[in-house]
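Here is the structure we will look at.
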Amino acid sequence: MNQQATLTSSLMARFPVLERLRAIPKPALIGAIAAVAALVVAATMWSRDPNYKVLFSNLDDRDGGAIVAALNQMNVPYRFNDGGTALLVPQEKVYDTRLQLAAQGLPRGGSVGFELLDNSRFGASQFTEQINYQRALEGELARSIESVNSVQHARVHLAIPRQTLFVRDRQAPTASVLLNLYPGRSLGDGQVSSIAWLVASSVPELTVNNVSIVDQNGRLLSQPAGEGRGMDADQLRYVRETEQRTVERILSILNPLVGSGNVHAQASADMDFSRREETQETYRPNQDPGQAAVRSKQTSDSQQNGANAAQGVPGALSNQPPAGPTAPIVNPQQQQQPQRPGQPGQQGQNAGTGAATTPQPQGPSSERRDATTNYELDRTISHIKQPVGNLKRMSVAVVINYLPNKDGEAKAMEPDELNKLTTLVKEAMGYSEARGDSLNVVNSQFNDVEPSTPWWKDPDNIAMGKTALGWLAIAIAALWVWRSLLRPMYDRYMRPPEIDPEVAELERQEALREAQDIARAKEMDRFEENMKRARDMANKDPRAVAMVLRTWMNKDGK
């Protein structure tokens, strides 16, 4: 307490300002200190720059210029980072600015879509409109392709030929796609095929085979028609599933007969994934008219009876009137009866009557009949669409192990038994000789005994040993660093110094003496203080002191 009082008095004597501050009341002093602290904090915050956050990064030059122009119109402060790859705005304005820019269609992703047609000019030529439409279509396709996770940026080029009325001069459109992928990512065959189908389905009369896809390294991702394997992931999976099902059927039918593990089978399927459509029109030979269907029939009859019409060269002779009619003597009923050979009555009648036997001339008569019949042609029209994924040929190889006989010795199978198993395998695999399938069943002894490898040559043990040696080297290096560098530094700077026991004892005794001196000084101070109080009391009230002394003396006398 005395030392603190002494220090306070010395500071006040050296700095008189502290003495004047001590005279100010405490509430006023506390208020002034709080005001000064508030002013310091406000000045610090005002002088400090606002905290900027990223608004957009990796912007295209065209998008960057449009966004900067929009920010200037919106009076939003902005800056670029050190690399110039990101646009920064104040933190409290990041989300509001993004929403306002999105309402204006920014950023556009470096490509122009169908919004290009919103600014069409009056009086533009047909060529300009076609070019703008093609640019807009390319931009929309690029945006759609960039939605794929692995694609960072995409460019689409369309080659759309001009339409013509002549079929021979028509050309099919083509397209090329340049993909910029994210670092460390790649596209699978299915994704490449989906991008090709996306582009082909967006352009009229564009086929998948006319779409070329290239990445940023110049590698051709799309396989041209007629080159390479020509199969995508789905087709390869279908081939593997077909082969696997064939092997499973063979094993399921042979395992109960020869035992599990005594048969191995492999299948190879040759699939045809080409798409074919065929139209046939067949004409059969002519059929019997009685069985054929009549398509159309036309009949024309013409009959004329009586005098001959005028004939010859027109003139006086050909225009004469006809001769007068004459009555025949023959009975008309008899004339109408047909003559039948072998009838005597009729013969006698004809013979007995001389007038009846003489033939009388008939009147002129003309008759004409035309008939035309058209039959339907026997024609067959068939439109055949071949399914995709036909099995062209199946090749199967089966190996059967030697089976033990009654004595327990492995022995080859009999030819008859092997033929039976071959027949079963043919039925299980769906063998077709017309298709050209091949099957080979071999009975051979399996070599299940593998040569023993020494433990020091085992690859697993070698790899384990290399790993252990690496960790051991790391441990040795860490121990050397600890003993050579870290431990001496710790001993020198961190560990407390060791104390000699004699020195410690002397320091303890010295501390004990200092404590005793302090206690003695406190007792002396208390005694001096009591004596001072007694003197003061004696000076102020001697009578009370006398009475106290008398009381003490009376107690001592007793």
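The values are calculated or read from the model by the stated rules, or taken from the named source; none is laboratory data. Note that the coordinates shown come from a computational prediction; the quantities given were computed from them, not determined experimentally. Glycine also receives a Cβ, built like all others from the backbone with ideal geometry; neighbour counts cover every protein chain displayed. Calculation scope for accessible area: heavy atoms of the full protein, side chains included, ligands and nucleic acids excluded. Shrake-Rupley method; radii C 1.70, N 1.55, O 1.52, S 1.80 Å.
Before we move on, is Ala69 modelled with pLDDT of 80 or more, more than 24 Å from Ile213 (Cβ to Cβ) and assigned to a helix (DSSP H, G or I)? It is true that Ala69 is modelled with pLDDT of 80 or more, more than 24 Å from Ile213 (Cβ to Cβ) and assigned to a helix (DSSP H, G or I).
Residues that are at pLDDT below 80, basic (Lys, Arg) and part of a strand (DSSP E or B) are absent from the stretch 296-316 altogether.
Residues are listed down the side, and each one gets a yes or a no for (1) without any contact (Cβ under 8 Å) to a residue 40 or more places away in the chain; (2) open to solvent by 70 Å² or more (accessible area, probe 1.4 Å):
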residue: Asn401; (1), (2): no, no
residue: Asn405; (1), (2): yes, no
residue: Lys411; (1), (2): yes, yes
residue: Lys420; (1), (2): yes, yes
residue: Val425; (1), (2): no, no
residue: Ala428; (1), (2): no, no
residue: Ala434; (1), (2): yes, yes
residue: Asp437; (1), (2): no, no
residue: Lys457; (1), (2): yes, yes
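Candidates in the stretch 149-165 are the residues that are part of a strand (DSSP E or B) and surrounded by 16 or more Cβ atoms within 10 Å (Cβ to Cβ); of these, the one that is modelled with the lowest pLDDT is His153. Determine if the stretch 166-183 includes at least one residue that is small (Gly, Ala, Ser), within 26 Å of Pro107 (Cα to Cα) and assigned to a loop (DSSP other than H, G, I, E, B). Checking the stretch 166-183: not a single residue is small (Gly, Ala, Ser), within 26 Å of Pro107 (Cα to Cα) and assigned to a loop (DSSP other than H, G, I, E, B). So is Thr97 among the β-branched types (Val, Ile, Thr) and either modelled with pLDDT under 85 or open to solvent by 70 Å² or more (accessible area, probe 1.4 Å) (or both) or not? For Thr97, the condition - among the β-branched types (Val, Ile, Thr) and either modelled with pLDDT under 85 or open to solvent by 70 Å² or more (accessible area, probe 1.4 Å) (or both) - is not met.
Note on the stretch 248-276: among residues that are open to solvent by less than 30 Å² (accessible area, probe 1.4 Å) and in a helix (DSSP H, G or I), the one that is farthest from Asn401 (Cα to Cα) is Ile250.
Here Pro289 clears all of (1) over 30 Å from Glu376 (Cβ atoms); (2) at pLDDT below 70; (3) surrounded by fewer than 11 Cβ atoms within 10 Å (Cβ to Cβ) except the condition numbered (1).
Residues of the stretch 38-49 that are open to solvent by less than 70 Å² (accessible area, probe 1.4 Å) and either touching a strand residue (DSSP E or B) at 6+ places or on another chain (Cβ under 8 Å) or modelled with pLDDT under 75 (or both): Ala42, Ala43. Checked against (1) assigned by the TED database to the domain that holds Val151; (2) modelled with pLDDT of 90 or more, Glu248 meets all criteria but (1). Condition first: more than 25 Å from Leu137 (Cβ to Cβ), part of a helix (DSSP H, G or I) and at pLDDT 75 or above. Can you find one or more residues in the stretch 73-82 that meet it? Checked against the condition, which is being more than 25 Å from Leu137 (Cβ to Cβ), part of a helix (DSSP H, G or I) and at pLDDT 75 or above, the stretch 73-82 yields at least one hit.
Table: residues versus (1) assigned to a helix (DSSP H, G or I); (2) modelled with pLDDT of 90 or more.
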position: Gly190; (1), (2): yes, no
position: Ser193; (1), (2): yes, no
position: Glu205; (1), (2): no, no
position: Val214; (1), (2): no, yes
position: Pro224; (1), (2): no, no
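Is it the case that Ala233 is more than 30 Å from Gly188 (Cβ to Cβ), open to solvent by less than 90 Å² (accessible area, probe 1.4 Å), modelled with pLDDT under 75 and outside the structural domain of Val399 (by the TED database)? Answer is no for this residue. Among the residues examined, Val396 qualifies as closer than 30 Å to Tyr238 by Cα, modelled with pLDDT of 85 or more, touching a Leu at 6+ places or on another chain (Cβ under 8 Å) and part of a strand (DSSP E or B). Residue pairs whose Cβ atoms lie under 9 Å apart, sitting 6 or more positions apart in sequence or on different chains, and linking a residue in the stretch 172-184 that is farther than 25 Å from Gln134 by Cβ to a partner that is charged (D, E, K, R) and surrounded by fewer than 17 Cβ atoms within 10 Å (Cβ to Cβ), do not occur here. Here Asp272 fulfils each of the conditions (1) at pLDDT 80 or above; (2) more than 30 Å from Met413 (Cβ to Cβ); (3) touching a Phe, Trp or Tyr at 6+ places or on another chain (Cβ under 9 Å) apart from (3).
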